[in-house]
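Visitor: Pasting a structure here, questions to come.
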Amino acid sequence: MQVEKNIQLKAYNSFRTEAVAKLFGKPESAKDITEILKQYPDEEKLILGSGCNLFFTKDYDGIVIKPNITGIKTLSEDDFGIEIEVGAAEDWDSFVEHCVTNGWAGIENLSLIPGSVGAAPIQNIGAYGAEVKDVITQVNTIDIDTEEVVVFDNKSCMFDYRNSIFKQTRKYIITSVVFRLSKSFTYRERYIDLNNELQSIASPTLSDVRNAVIKVRTRKLPNHIDLPNAGSFFKNPILTSQQKETLLNILPNAPIYNAGEQLYKTSAAFLIEKAGYKGKRNGNVGTYEKHALIIVNYGTSKGKDIAAFMQEIQKVVQAKYGITLEPEVWVF
Ligand code: EPU
């Protein structure tokens, strides 16, 4: 297993910031991963998917491991559904397309989300009323510290809004994910933007839904190839009843959604917009003009510039509305 030295990470993160990794390995199998872990027990480790949800503010003094495990395998199938195991390095949206083409339902709302299959469970990716946790039956991993294979069933993944045990502990390398998808499909209205897009179709098919999601996303969100970004930069904040009341006193039309017992979610994009930061640009970093939740890199090579803009937004929103915006993106 070849491990390279002093590798530039600019091509490996969708914000395109520059940083050098002291060591860099691309294991092709679970066995390769174990070998690297055994070879470098004392180095700090960073596991990289397609780098669509992180950026670097400094060089990485450790080993970056980018698993290159691919393949889609059917584990079981009946008249109602199919269970498939997918390698962590498969491209997420190509996998969604594969499922839609085959008539397997469950992830069509998650079309066009950038990233790899292995990254999907880490932050429980979600869009248009769907979350990936609802179709994952198993996640296969390797424990970074013990080098052992650890298999998680759905419950032990501890999925939550943009969260999981993998994000909390950062100690497992995901090698493959098992999904249970359904062979029947009826469109359920769950998200206004998507309903509007599908209005003219009496009973939308899986392909109709995928196409509609692609249209809505293309309209609202910048493509990271043209305009480097990492999708939603902050999580939508979860509020207690008291925080919700305080916010509604300042911003009476703030969107409020139920988020569990006595908990409420509001829109980070709305808060950023009301704070005057939609489409705002500070040097080479700014928020996207069509969506306040997306931070865009207009030409800096320094992750520090992005981190500084992030902190500026956090400070302003905190001062105006008393709410702490938590980044959804990982900063290294
Ligand atoms: N809004 C504004 N200003 C804006 C944009 C949006 O006020 O500039 C408000 C509007 O009230 C709008 C509401 O925010 O109705 C919701 O906007 P959107 O549908 O874009 O959803 P979001 O809450 O901003 C979340 C996810 C997205 C996902 C969309 C669609 C998070 C952190 N983000 O964004 O996920 O695509 O819903 O379901 O939960 C991502 O995680 O990278 C991501 C793009």
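Visitor: For ALA230, enumerate residues with amide H under 5 Å from its amide H, sequence gap 5+ or separate chain, H modeled in the peptide plane.
Guide: Under 5 Å from the amide H of ALA230 lie the amide H atoms of ILE295, each far enough along the sequence or on another chain.
Visitor: Along the Cα-to-C-beta direction of GLN199, a point sits 7 Å from the Cα; which residues of the range 205-241 have their amide N less than 16 Å from that point?
Guide: 212-213, 216
Visitor: Let me ask something else. Sorted by mean Cβ packing within 10 Å, highest first, what order do the peptides 270-283, 189-202, 108-121 take?
Guide: Packing proxy ranking, top to bottom: 108-121, 270-283, 189-202.
Visitor: So if R0 is 35 Å, what FRET efficiency would ASN249 and ARG190 give, r being the distance between their Cβ atoms, rounded to the nearest 0.05?
Guide: The formula returns an efficiency of 0.70 here.
Visitor: Per-residue counts of other Cβ atoms within 10 Å, averaged by peptide: what ranking do you get for 58-65, 77-84, 12-19, highest first?
Guide: Per-residue Cβ counts within 10 Å, averaged per peptide and sorted highest first, yield 12-19, 58-65, 77-84.
Visitor: Starting at the first residue of the range 75-82, write each ³J(HN,Hα) from the Karplus equation 6.51 cos²θ - 1.76 cosθ + 1.60 with θ = phi - 60°, in whole Hz, x for Gly and Pro.
Guide: 3J(HN,Hα) across the range 75-82, in whole Hz: 9, 7, 7, 9, 5, 9, x, 9.
Visitor: Okay, next question. How much of the accessible area of the range 1-138, in percent, comes from carbon and sulfur atoms when a 1.4 Å probe is used?
Guide: 45
Visitor: Now a separate question. Excluding ligands, DNA and RNA, what is the solvent-accessible area per residue of the chain at a probe of 1.4 Å, expressed in Å²?
Guide: Value for the chain: 48 Å² per residue.
Visitor: Suppose each label sits 7 Å from its Cα in the direction of the beta carbon; what would the ASN258-SER29 distance come out to in nanometres?
Guide: My value for the distance between the label points is 5.0 nm.
Visitor: Output needed: percent of Cα pairs per 10 Å distance bin for the chain, bins running from 0 to the one holding the longest distance.
Guide: Percent of Cα pairs in each bin: 5, 24, 32, 27, 11, 1.
Visitor: So which helices of the chain fit the span-like rule, where a helix is a whole DSSP H run, its Cα atoms reach 20 Å or more along the axis, and its mean Kyte-Doolittle is at least -0.5?
Guide: Within the chain the helices that satisfy the rule are 206-220, 303-321.
Visitor: Turning to a different aspect of this structure: What length, rounded to one decimal in nm, is gained on full extension from LYS38 through to ILE214, with 0.36 nm per residue of separation minus their alpha-carbon distance?
Guide: Extra length available between LYS38 and ILE214 comes to 59.1 nm.
Visitor: Also, I was wondering about something else. How big is the gap, in Å, between the Cα center of the range 207-227 and the Cα center of the range 12-40?
Guide: Cα centroid to Cα centroid, the span is 30 Å.
Visitor: Let me ask something else. How big is the antiparallel share of DSSP beta bridges in the chain, given as a percent to the nearest 5?
Guide: So the antiparallel bridges amount to about 85 percent of the total.
Visitor: If you average 1/r over every pair of different alpha-carbon atoms in the range 244-332 and take one over that average, what Kirkwood value in Å do you get?
Guide: In the range 244-332 this quantity evaluates to 13.9 Å.
Visitor: Considering only C-alpha atoms, what is the centroid distance from the range 66-114 to the range 263-332, in Å?
Guide: Between the Cα centre of the range 66-114 and that of the range 263-332, the gap is 32 Å.
Visitor: How high is the relative contact order of the chain, in percent, with contacts defined as C-alpha pairs under 8 Å that are six or more residues apart?
Guide: 16 percent.
Visitor: Using a 1.4 Å probe over the heavy atoms of the protein chains, calculate the carbon and sulfur portion of the accessible area of the range 211-300 as a whole percent.
Guide: 45
Visitor: May I ask you to compute the full-extension gain from GLU312 to ASN223, defined as 0.36 nm times their residue separation minus their alpha-carbon distance, rounded to one decimal in nm?
Guide: 29.6 nm is the gain from fully extending GLU312 to ASN223.
Visitor: Given 0.36 nm per residue, what is the gain on full extension from GLN242 to GLN168 after removing their alpha carbon distance, in nm?
Guide: 24.0 nm
Visitor: To continue, here is another question. Based solely on its DSSP helices, what 222 nm [θ] is calculated for the chain when runs of n ≥ 4 H residues each add -39,500 (n - 2.57) and the sum is averaged over all residues, nearest 500 deg cm²/dmol?
Guide: Roughly -7500 deg cm²/dmol at 222 nm, from the helical runs in the chain.
Visitor: By average Cβ neighbour count within 10 Å, what is the ranking of 206-214, 310-318 from highest down?
Guide: Put in order of decreasing packing, that is 206-214, 310-318.
Visitor: How large is Rg over Rh for the range 1-119, taking Rg from the Cα atoms and Rh as the Kirkwood inverse mean of 1/r across Cα pairs?
Guide: When Rh is taken as the Kirkwood radius, the ratio is 1.05.
Visitor: Still on this structure, please answer the following. Please give, to one decimal in nm, the separation of the simple spin-label points placed at SER156 and THR57, each 7 Å out from Cα toward the Cβ.
Guide: For the pair SER156/THR57, the computed spacing is 3.5 nm.
Visitor: Classify the range 144-201: rounded, prolate or oblate, from the alpha-carbon gyration tensor (a ≥ b ≥ c, eigenvalue square roots; a/c under 1.5 rounded; otherwise prolate if a/b is larger than b/c)?
Guide: Prolate.
The values are calculated or read from the model by the stated rules, or taken from the named source; none is laboratory data. None of these values were measured; they are calculated from a predicted model. Glycine also receives a Cβ, built like all others from the backbone with ideal geometry; neighbour counts cover every protein chain displayed. Surface areas here come from the heavy atoms of the whole protein model, side chains and all, with no ligands, DNA or RNA. Shrake-Rupley method; radii C 1.70, N 1.55, O 1.52, S 1.80 Å.
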